[in-house]
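Q: After the C-alpha coordinates below, expect a handful of questions from me.
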Amino acid sequence: MSEIRAAVQRLYDTYPFPPEPLLDAPPPGYNWRWNWLAAYNFCTGQKPPKQDIRILDAGCGTGIGTEYLAHLNPEADVVGIDLSEKALGVARERCRRSGANRVAFHQLNLEEVEQLPAQFDLINCVGVLHHLPNPMQGIQSLAAQLAPGGLMHVFVYAELGRWEIRLMQEAIALLQDQEDYREGVKLGRELFETLPENNRLVKRERERWSLDNQRDECFADMYLHPQEIDFNLETLFELIDASGLEFVGFSNPQFWQLERLLGKAPQLLERAKDLPERDRYRLIERLDPDMAHYEFFLARPPLTQADWSSDKALLAAIPERHPCIEGWPSRSLFNYDYQIVNLSESEFEFLQACDANPARGANVQDILAEVSLNLERVRALLDQQLIILTPA
Ligand SMILES: C[S@@+](CC[C@H](N)C(=O)[O-])C[C@H]1O[C@@H](n2cnc3c(N)ncnc32)[C@H](O)[C@@H]1O
(Lines give C-alpha, C1' and ligand atoms only; values in the text may rest on other atoms or scores of the structure.)
Protein backbone atom coordinates (compact mmCIF):
# COMPACT_ATOMS: atom_id res chain seq x y z
CA MET A 1 0.00 0.00 0.00
CA SER A 2 1.31 3.46 -0.84
CA GLU A 3 2.48 5.58 2.08
CA ILE A 4 -0.07 8.25 1.25
CA ARG A 5 -2.94 5.79 1.20
CA ALA A 6 -1.79 4.34 4.52
CA ALA A 7 -1.71 7.84 6.07
CA VAL A 8 -5.21 8.61 4.73
CA GLN A 9 -6.51 5.33 6.10
CA ARG A 10 -4.92 6.08 9.48
CA LEU A 11 -6.62 9.49 9.60
CA TYR A 12 -10.07 8.01 9.00
CA ASP A 13 -9.45 5.05 11.31
CA THR A 14 -8.65 7.62 14.02
CA TYR A 15 -11.46 9.99 13.07
CA PRO A 16 -14.16 8.21 11.02
CA PHE A 17 -15.93 10.80 8.89
CA PRO A 18 -18.53 12.22 8.85
CA PRO A 19 -19.34 11.97 12.58
CA GLU A 20 -23.13 12.33 12.20
CA PRO A 21 -25.03 10.39 14.88
CA LEU A 22 -26.68 7.06 14.08
CA LEU A 23 -30.48 7.06 13.96
CA ASP A 24 -32.94 4.21 14.37
CA ALA A 25 -35.02 5.42 11.43
CA PRO A 26 -34.47 6.39 7.78
CA PRO A 27 -32.59 9.70 7.46
CA PRO A 28 -34.78 12.81 7.38
CA GLY A 29 -35.63 14.64 4.14
CA TYR A 30 -33.63 14.01 0.99
CA ASN A 31 -30.66 15.07 -1.04
CA TRP A 32 -31.97 14.93 -4.61
CA ARG A 33 -28.50 14.12 -5.98
CA TRP A 34 -28.82 10.72 -4.29
CA ASN A 35 -32.28 10.00 -5.70
CA TRP A 36 -31.88 8.20 -9.04
CA LEU A 37 -35.15 9.56 -10.46
CA ALA A 38 -34.30 13.11 -9.49
CA ALA A 39 -30.67 12.89 -10.62
CA TYR A 40 -31.56 11.27 -13.95
CA ASN A 41 -34.32 13.80 -14.52
CA PHE A 42 -31.91 16.66 -13.74
CA CYS A 43 -29.44 15.28 -16.29
CA THR A 44 -31.84 14.28 -19.09
CA GLY A 45 -35.20 15.98 -18.49
CA GLN A 46 -37.07 12.67 -18.20
CA LYS A 47 -37.72 9.65 -16.02
CA PRO A 48 -35.08 6.90 -16.15
CA PRO A 49 -36.06 3.70 -17.98
CA LYS A 50 -35.49 1.53 -14.88
CA GLN A 51 -35.15 1.82 -11.12
CA ASP A 52 -33.74 -1.60 -10.20
CA ILE A 53 -30.24 -0.23 -10.67
CA ARG A 54 -26.82 -0.75 -9.15
CA ILE A 55 -25.31 2.12 -7.16
CA LEU A 56 -21.74 2.54 -5.92
CA ASP A 57 -20.81 4.94 -3.12
CA ALA A 58 -17.05 5.23 -3.64
CA GLY A 59 -15.26 6.39 -0.47
CA CYS A 60 -18.47 6.09 1.53
CA GLY A 61 -16.91 6.96 4.91
CA THR A 62 -19.39 6.41 7.76
CA GLY A 63 -22.20 5.92 5.26
CA ILE A 64 -24.29 9.10 5.44
CA GLY A 65 -24.65 9.22 1.66
CA THR A 66 -24.89 5.44 1.36
CA GLU A 67 -27.81 5.35 3.76
CA TYR A 68 -29.67 8.03 1.77
CA LEU A 69 -28.87 6.23 -1.48
CA ALA A 70 -30.41 3.05 -0.07
CA HIS A 71 -33.57 4.67 1.34
CA LEU A 72 -34.20 7.01 -1.59
CA ASN A 73 -33.79 4.19 -4.13
CA PRO A 74 -35.64 1.23 -2.61
CA GLU A 75 -35.30 -0.91 -5.76
CA ALA A 76 -31.56 -0.41 -6.08
CA ASP A 77 -28.66 -2.54 -4.89
CA VAL A 78 -26.13 -0.30 -3.20
CA VAL A 79 -22.43 -0.97 -2.63
CA GLY A 80 -20.24 1.19 -0.39
CA ILE A 81 -16.44 0.97 -0.50
CA ASP A 82 -13.83 2.71 1.62
CA LEU A 83 -10.23 2.35 2.79
CA SER A 84 -11.07 2.76 6.46
CA GLU A 85 -12.37 -0.30 8.30
CA LYS A 86 -13.40 1.92 11.23
CA ALA A 87 -15.51 4.17 8.99
CA LEU A 88 -17.03 1.09 7.33
CA GLY A 89 -17.95 -0.31 10.75
CA VAL A 90 -19.97 2.84 11.49
CA ALA A 91 -21.53 2.75 8.01
CA ARG A 92 -22.66 -0.87 8.46
CA GLU A 93 -24.19 -0.11 11.85
CA ARG A 94 -25.87 3.05 10.52
CA CYS A 95 -27.56 1.14 7.71
CA ARG A 96 -28.48 -1.80 9.94
CA ARG A 97 -30.19 0.51 12.44
CA SER A 98 -32.22 2.40 9.85
CA GLY A 99 -33.27 -0.73 7.98
CA ALA A 100 -31.29 -0.07 4.78
CA ASN A 101 -30.80 -3.70 3.89
CA ARG A 102 -29.93 -3.69 0.19
CA VAL A 103 -26.43 -2.42 0.96
CA ALA A 104 -23.08 -4.23 0.91
CA PHE A 105 -19.87 -2.70 2.19
CA HIS A 106 -16.31 -3.64 1.22
CA GLN A 107 -12.93 -2.40 2.35
CA LEU A 108 -11.47 -1.55 -1.05
CA ASN A 109 -9.26 1.08 -2.64
CA LEU A 110 -11.40 2.75 -5.30
CA GLU A 111 -8.54 2.42 -7.78
CA GLU A 112 -9.16 -1.33 -7.57
CA VAL A 113 -12.91 -1.09 -8.05
CA GLU A 114 -12.72 -3.41 -11.08
CA GLN A 115 -12.63 -6.22 -8.49
CA LEU A 116 -16.37 -5.71 -7.98
CA PRO A 117 -18.38 -8.04 -10.19
CA ALA A 118 -20.58 -5.73 -12.31
CA GLN A 119 -20.86 -2.18 -13.57
CA PHE A 120 -22.93 0.53 -11.86
CA ASP A 121 -25.70 2.81 -13.15
CA LEU A 122 -24.98 5.50 -10.56
CA ILE A 123 -21.63 6.18 -8.93
CA ASN A 124 -21.45 8.67 -6.09
CA CYS A 125 -17.99 9.91 -5.14
CA VAL A 126 -18.20 12.77 -2.67
CA GLY A 127 -15.18 14.24 -0.93
CA VAL A 128 -12.77 11.51 -1.98
CA LEU A 129 -10.88 12.01 -5.26
CA HIS A 130 -8.95 15.02 -3.91
CA HIS A 131 -7.47 12.72 -1.23
CA LEU A 132 -5.98 10.30 -3.76
CA PRO A 133 -2.30 10.48 -4.72
CA ASN A 134 -3.51 10.50 -8.34
CA PRO A 135 -7.10 11.73 -8.74
CA MET A 136 -7.01 11.18 -12.52
CA GLN A 137 -6.21 7.52 -12.07
CA GLY A 138 -9.00 7.34 -9.47
CA ILE A 139 -11.66 8.86 -11.71
CA GLN A 140 -10.57 6.64 -14.60
CA SER A 141 -10.96 3.53 -12.43
CA LEU A 142 -14.47 4.62 -11.47
CA ALA A 143 -15.38 5.60 -15.02
CA ALA A 144 -14.45 2.11 -16.22
CA GLN A 145 -17.12 0.73 -13.84
CA LEU A 146 -19.89 3.05 -15.04
CA ALA A 147 -22.50 1.33 -17.22
CA PRO A 148 -23.53 2.87 -20.58
CA GLY A 149 -26.19 5.50 -19.89
CA GLY A 150 -24.97 5.69 -16.28
CA LEU A 151 -24.29 8.78 -14.18
CA MET A 152 -21.45 9.69 -11.86
CA HIS A 153 -21.83 12.35 -9.19
CA VAL A 154 -18.54 13.86 -8.04
CA PHE A 155 -17.62 16.40 -5.37
CA VAL A 156 -14.05 17.71 -5.18
CA TYR A 157 -12.43 20.62 -3.40
CA ALA A 158 -11.88 24.00 -5.06
CA GLU A 159 -8.63 25.78 -4.24
CA LEU A 160 -9.92 29.38 -4.22
CA GLY A 161 -12.31 28.93 -1.29
CA ARG A 162 -9.88 26.75 0.66
CA TRP A 163 -6.89 29.07 0.61
CA GLU A 164 -6.91 29.74 4.37
CA ILE A 165 -7.45 26.05 5.11
CA ARG A 166 -4.38 25.09 3.09
CA LEU A 167 -2.27 27.66 4.92
CA MET A 168 -3.39 26.36 8.30
CA GLN A 169 -2.77 22.75 7.19
CA GLU A 170 0.80 23.70 6.30
CA ALA A 171 1.30 25.64 9.53
CA ILE A 172 0.14 22.69 11.64
CA ALA A 173 2.33 20.30 9.64
CA LEU A 174 5.37 22.54 10.29
CA LEU A 175 4.76 22.57 14.02
CA GLN A 176 3.74 18.96 14.47
CA ASP A 177 6.43 16.51 15.60
CA GLN A 178 4.93 13.37 14.23
CA GLU A 179 1.94 12.03 12.41
CA ASP A 180 -0.29 11.83 15.44
CA TYR A 181 -3.69 13.07 14.41
CA ARG A 182 -5.00 13.49 17.96
CA GLU A 183 -1.96 15.60 18.87
CA GLY A 184 -2.49 17.55 15.67
CA VAL A 185 -6.08 18.43 16.57
CA LYS A 186 -4.92 19.74 19.97
CA LEU A 187 -2.15 21.73 18.37
CA GLY A 188 -4.41 23.15 15.67
CA ARG A 189 -7.03 24.23 18.17
CA GLU A 190 -4.34 25.89 20.28
CA LEU A 191 -3.09 27.76 17.23
CA PHE A 192 -6.55 29.15 16.48
CA GLU A 193 -6.94 30.24 20.09
CA THR A 194 -3.54 31.90 20.11
CA LEU A 195 -3.68 33.89 16.87
CA PRO A 196 -5.01 37.49 17.02
CA GLU A 197 -8.79 37.94 16.75
CA ASN A 198 -8.58 39.69 13.40
CA ASN A 199 -6.18 37.20 11.84
CA ARG A 200 -7.40 36.16 8.39
CA LEU A 201 -7.25 32.41 9.07
CA VAL A 202 -9.10 32.85 12.37
CA LYS A 203 -11.78 35.03 10.78
CA ARG A 204 -12.38 32.58 7.95
CA GLU A 205 -12.59 29.65 10.35
CA ARG A 206 -15.04 31.49 12.57
CA GLU A 207 -17.27 32.75 9.73
CA ARG A 208 -17.38 29.66 7.61
CA TRP A 209 -16.34 26.45 9.31
CA SER A 210 -16.23 26.62 13.12
CA LEU A 211 -19.75 25.30 13.70
CA ASP A 212 -18.91 21.97 12.03
CA ASN A 213 -15.39 21.96 13.37
CA GLN A 214 -16.53 21.77 16.98
CA ARG A 215 -16.30 18.04 16.32
CA ASP A 216 -12.73 16.77 16.24
CA GLU A 217 -13.52 14.51 13.26
CA CYS A 218 -14.39 17.55 11.17
CA PHE A 219 -11.45 19.60 12.43
CA ALA A 220 -9.07 16.75 11.58
CA ASP A 221 -10.64 16.19 8.15
CA MET A 222 -10.15 19.87 7.39
CA TYR A 223 -6.82 20.79 8.93
CA LEU A 224 -4.81 17.59 9.37
CA HIS A 225 -5.27 15.85 6.08
CA PRO A 226 -2.11 14.10 4.91
CA GLN A 227 -3.23 14.30 1.27
CA GLU A 228 -5.24 16.99 -0.49
CA ILE A 229 -5.18 18.15 -4.10
CA ASP A 230 -7.49 21.11 -4.65
CA PHE A 231 -8.78 22.02 -8.09
CA ASN A 232 -9.37 25.15 -10.12
CA LEU A 233 -11.53 25.26 -13.22
CA GLU A 234 -8.65 24.39 -15.51
CA THR A 235 -7.47 21.38 -13.51
CA LEU A 236 -11.08 20.37 -12.85
CA PHE A 237 -11.76 20.05 -16.57
CA GLU A 238 -8.44 18.23 -17.05
CA LEU A 239 -9.75 15.71 -14.51
CA ILE A 240 -13.14 15.52 -16.23
CA ASP A 241 -11.59 15.14 -19.70
CA ALA A 242 -9.28 12.42 -18.37
CA SER A 243 -12.31 10.45 -17.15
CA GLY A 244 -13.43 9.92 -20.75
CA LEU A 245 -16.99 10.69 -19.61
CA GLU A 246 -19.32 13.46 -20.71
CA PHE A 247 -19.70 16.53 -18.47
CA VAL A 248 -23.47 16.90 -17.91
CA GLY A 249 -23.44 19.89 -15.58
CA PHE A 250 -22.79 21.22 -12.10
CA SER A 251 -25.20 19.84 -9.50
CA ASN A 252 -25.40 23.25 -7.78
CA PRO A 253 -26.51 25.16 -10.88
CA GLN A 254 -27.59 28.30 -9.01
CA PHE A 255 -23.98 29.09 -8.23
CA TRP A 256 -23.16 29.02 -11.97
CA GLN A 257 -25.91 31.48 -12.99
CA LEU A 258 -24.38 34.60 -14.52
CA GLU A 259 -27.55 36.53 -13.62
CA ARG A 260 -26.67 36.16 -9.96
CA LEU A 261 -23.58 38.32 -10.46
CA LEU A 262 -24.26 40.43 -13.55
CA GLY A 263 -28.05 40.64 -13.56
CA LYS A 264 -27.99 44.41 -12.95
CA ALA A 265 -25.89 45.08 -16.08
CA PRO A 266 -27.71 43.64 -19.14
CA GLN A 267 -24.93 44.49 -21.58
CA LEU A 268 -22.22 42.87 -19.49
CA LEU A 269 -24.51 39.90 -18.98
CA GLU A 270 -25.00 39.50 -22.74
CA ARG A 271 -21.27 39.72 -23.36
CA ALA A 272 -20.61 37.11 -20.68
CA LYS A 273 -23.30 34.81 -22.09
CA ASP A 274 -21.54 34.84 -25.46
CA LEU A 275 -18.43 33.26 -23.96
CA PRO A 276 -17.72 29.57 -24.54
CA GLU A 277 -19.11 27.39 -21.71
CA ARG A 278 -15.88 26.85 -19.81
CA ASP A 279 -14.91 30.54 -20.03
CA ARG A 280 -18.31 31.42 -18.57
CA TYR A 281 -17.56 29.20 -15.60
CA ARG A 282 -14.07 30.69 -15.36
CA LEU A 283 -15.56 34.18 -15.25
CA ILE A 284 -18.02 33.24 -12.52
CA GLU A 285 -15.29 31.65 -10.43
CA ARG A 286 -13.05 34.71 -10.82
CA LEU A 287 -15.89 37.01 -9.77
CA ASP A 288 -17.01 34.86 -6.84
CA PRO A 289 -13.96 33.05 -5.47
CA ASP A 290 -15.61 32.04 -2.22
CA MET A 291 -16.51 28.60 -3.45
CA ALA A 292 -14.76 25.73 -1.67
CA HIS A 293 -15.88 22.79 -3.83
CA TYR A 294 -17.13 21.68 -7.24
CA GLU A 295 -19.98 19.22 -7.56
CA PHE A 296 -21.12 17.85 -10.88
CA PHE A 297 -22.57 15.00 -12.92
CA LEU A 298 -20.70 13.01 -15.57
CA ALA A 299 -22.29 10.46 -17.89
CA ARG A 300 -21.28 7.53 -20.01
CA PRO A 301 -23.02 7.90 -23.37
CA PRO A 302 -25.53 7.18 -24.67
CA LEU A 303 -27.64 9.44 -22.48
CA THR A 304 -30.74 10.64 -24.30
CA GLN A 305 -31.84 14.21 -23.59
CA ALA A 306 -35.59 14.79 -23.65
CA ASP A 307 -36.97 17.59 -25.78
CA TRP A 308 -40.33 18.87 -24.59
CA SER A 309 -40.52 21.83 -26.97
CA SER A 310 -43.17 20.14 -29.11
CA ASP A 311 -46.71 20.41 -27.66
CA LYS A 312 -47.55 17.01 -29.14
CA ALA A 313 -44.71 15.26 -27.26
CA LEU A 314 -45.56 17.08 -24.03
CA LEU A 315 -49.29 16.25 -24.22
CA ALA A 316 -48.55 12.56 -24.82
CA ALA A 317 -46.04 12.25 -21.95
CA ILE A 318 -46.95 10.59 -18.67
CA PRO A 319 -46.25 12.94 -15.75
CA GLU A 320 -45.61 12.08 -12.14
CA ARG A 321 -44.83 14.15 -9.09
CA HIS A 322 -41.14 14.76 -8.46
CA PRO A 323 -40.03 12.44 -5.63
CA CYS A 324 -38.07 15.16 -3.80
CA ILE A 325 -40.73 17.54 -2.54
CA GLU A 326 -41.04 18.41 1.12
CA GLY A 327 -44.40 19.44 2.54
CA TRP A 328 -46.61 17.57 0.06
CA PRO A 329 -49.63 17.66 -0.18
CA SER A 330 -49.88 21.42 0.20
CA ARG A 331 -49.94 24.47 -2.05
CA SER A 332 -46.85 25.74 -0.25
CA LEU A 333 -43.93 23.35 -0.43
CA PHE A 334 -40.21 22.95 -0.86
CA ASN A 335 -38.94 21.80 -4.25
CA TYR A 336 -36.08 19.35 -4.88
CA ASP A 337 -33.56 22.07 -3.97
CA TYR A 338 -35.41 23.12 -0.80
CA GLN A 339 -36.62 26.35 -2.45
CA ILE A 340 -40.09 27.39 -1.37
CA VAL A 341 -42.78 27.11 -4.08
CA ASN A 342 -46.34 28.43 -3.93
CA LEU A 343 -48.76 26.66 -6.25
CA SER A 344 -51.97 28.04 -7.69
CA GLU A 345 -55.11 25.99 -7.08
CA SER A 346 -54.97 24.49 -10.60
CA GLU A 347 -51.26 23.72 -10.37
CA PHE A 348 -51.96 21.95 -7.10
CA GLU A 349 -54.77 19.94 -8.74
CA PHE A 350 -52.47 19.04 -11.64
CA LEU A 351 -49.81 17.86 -9.22
CA GLN A 352 -52.41 15.82 -7.32
CA ALA A 353 -53.36 14.08 -10.56
CA CYS A 354 -49.66 13.45 -11.27
CA ASP A 355 -49.39 11.94 -7.82
CA ALA A 356 -51.88 9.24 -8.87
CA ASN A 357 -49.62 8.41 -11.85
CA PRO A 358 -47.91 6.30 -13.08
CA ALA A 359 -50.28 3.62 -11.66
CA ARG A 360 -53.14 5.30 -13.52
CA GLY A 361 -51.07 5.92 -16.66
CA ALA A 362 -52.75 9.22 -17.53
CA ASN A 363 -50.85 11.47 -19.90
CA VAL A 364 -50.65 15.28 -19.75
CA GLN A 365 -53.56 15.61 -22.18
CA ASP A 366 -55.80 13.34 -20.05
CA ILE A 367 -55.05 15.39 -16.94
CA LEU A 368 -55.57 18.70 -18.71
CA ALA A 369 -59.06 17.48 -19.68
CA GLU A 370 -59.84 17.45 -15.94
CA VAL A 371 -57.76 20.38 -14.63
CA SER A 372 -57.87 23.85 -16.11
CA LEU A 373 -54.19 24.62 -16.63
CA ASN A 374 -52.47 25.76 -19.81
CA LEU A 375 -49.48 24.04 -21.36
CA GLU A 376 -47.23 26.97 -20.51
CA ARG A 377 -47.87 26.36 -16.79
CA VAL A 378 -47.20 22.64 -17.24
CA ARG A 379 -43.84 23.61 -18.75
CA ALA A 380 -43.24 25.88 -15.75
CA LEU A 381 -43.88 22.93 -13.39
CA LEU A 382 -41.42 20.95 -15.47
CA ASP A 383 -38.80 23.72 -15.35
CA GLN A 384 -39.16 23.90 -11.57
CA GLN A 385 -38.72 20.11 -11.47
CA LEU A 386 -42.01 19.59 -9.69
CA ILE A 387 -43.00 16.93 -12.23
CA ILE A 388 -41.08 14.23 -14.08
CA LEU A 389 -42.17 13.01 -17.51
CA THR A 390 -42.00 9.65 -19.24
CA PRO A 391 -42.09 10.03 -23.03
CA ALA A 392 -44.98 8.30 -24.82
C1 LIG B 1 -14.04 13.11 3.53
S2 LIG B 1 -14.49 11.43 3.66
C3 LIG B 1 -15.99 11.42 2.71
C4 LIG B 1 -16.96 10.37 3.14
C5 LIG B 1 -18.30 10.35 2.39
N6 LIG B 1 -18.11 10.19 0.97
C7 LIG B 1 -19.09 11.59 2.67
O8 LIG B 1 -19.11 12.49 1.84
O9 LIG B 1 -19.71 11.68 3.72
C10 LIG B 1 -13.34 10.63 2.57
C11 LIG B 1 -13.44 9.12 2.61
O12 LIG B 1 -12.77 8.60 1.46
C13 LIG B 1 -12.06 7.45 1.85
N14 LIG B 1 -10.97 7.22 0.89
C15 LIG B 1 -9.88 7.99 0.68
N16 LIG B 1 -9.11 7.45 -0.29
C17 LIG B 1 -9.76 6.33 -0.72
C18 LIG B 1 -9.47 5.34 -1.70
N19 LIG B 1 -8.36 5.40 -2.43
N20 LIG B 1 -10.35 4.34 -1.87
C21 LIG B 1 -11.47 4.25 -1.11
N22 LIG B 1 -11.79 5.15 -0.17
C23 LIG B 1 -10.94 6.18 0.04
C24 LIG B 1 -11.58 7.76 3.26
O25 LIG B 1 -11.24 6.60 3.99
C26 LIG B 1 -12.77 8.52 3.83
O27 LIG B 1 -13.66 7.67 4.52
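The values are calculated or read from the model by the stated rules, or taken from the named source; none is laboratory data. Just so it is clear, the structure is predicted and the values come from calculations on it, not from any experiment. Virtual Cβ from ideal backbone geometry, glycine too; neighbours counted across all protein chains shown.
Q: Quickly run through region 44-72 and pick out the residues that are on the phi > 0 side of the Ramachandran plot and within 15 Å of the ligand (Cβ to nearest atom).
A: Answer for region 44-72, where residues must be on the phi > 0 side of the Ramachandran plot and within 15 Å of the ligand (Cβ to nearest atom): 59, 61, 63.
Q: Also, quick follow-up: Can you confirm whether residue 75 is within 8 Å of the ligand (Cβ to nearest atom), of a type in the set (Asp, Glu) and surrounded by fewer than 20 Cβ atoms within 10 Å (Cβ to Cβ)? Working first, answer last.
A: Details: within 8 Å of the ligand (Cβ to nearest atom): no; of a type in the set (Asp, Glu): yes; surrounded by fewer than 20 Cβ atoms within 10 Å (Cβ to Cβ): yes.
So residue 75 does not fit the description; no.
Q: Right, here's the next one. Run down 329, 358, 323 and say which single residue is modelled with pLDDT under 95 and not assigned by TED's automatic domain parsing to the domain that holds residue 71.
A: Details: 329 fails: modelled with pLDDT under 95; 323 fails: modelled with pLDDT under 95.
Of the residues listed, the single one that is modelled with pLDDT under 95 and not assigned by TED's automatic domain parsing to the domain that holds residue 71 is 358.
Q: With 193, 259, 228 as the choices, which residue is of a type outside the set (Phe, Trp, Tyr), under 30 Å from residue 45 (Cα atoms) and surrounded by fewer than 19 Cβ atoms within 10 Å (Cβ to Cβ)? Steps first, please.
A: On the way: 193 fails: under 30 Å from residue 45 (Cα atoms); 228 fails: under 30 Å from residue 45 (Cα atoms).
Checking each option against the conditions leaves just 259.
Condition check ((1) assigned by TED's automatic domain parsing to the domain that holds residue 134; (2) assigned to a loop (DSSP other than H, G, I, E, B); (3) within 14 Å of the chain's Cα centre (by Cα)) across all residues:
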residue: 30; (1), (2), (3): yes, yes, yes
residue: 52; (1), (2), (3): yes, yes, no
residue: 66; (1), (2), (3): yes, no, yes
residue: 81; (1), (2), (3): yes, no, no
residue: 114; (1), (2), (3): yes, no, no
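Q: Could I ask something else about it? Just to be sure I understand, how many residues within region 282-319 are surrounded by 19 or more Cβ atoms within 10 Å (Cβ to Cβ) and of a type in the set (Ser, Thr, Tyr)?
A: Summing the residues that are surrounded by 19 or more Cβ atoms within 10 Å (Cβ to Cβ) and of a type in the set (Ser, Thr, Tyr) in region 282-319 gives 1.
Q: Across region 86-102, what is the total count of residues that are surrounded by 13 or more Cβ atoms within 10 Å (Cβ to Cβ) and either within 14 Å of the ligand (Cβ to nearest atom) or in a loop (DSSP other than H, G, I, E, B) (or both)?
A: Residues meeting the conditions: 11.
Q: What strands (runs of 3 or more DSSP E), lying completely within region 292-380, carry at least 1 residues that are closer than 30 Å to residue 160 by Cβ and touching a Leu at 6+ places or on another chain (Cβ under 6 Å)? Break it down into steps so the answer makes sense when it comes.
A: On the way: elements: 293-299, 318-321, 332-334, 340-342.
Ranges flagged: 293-299.
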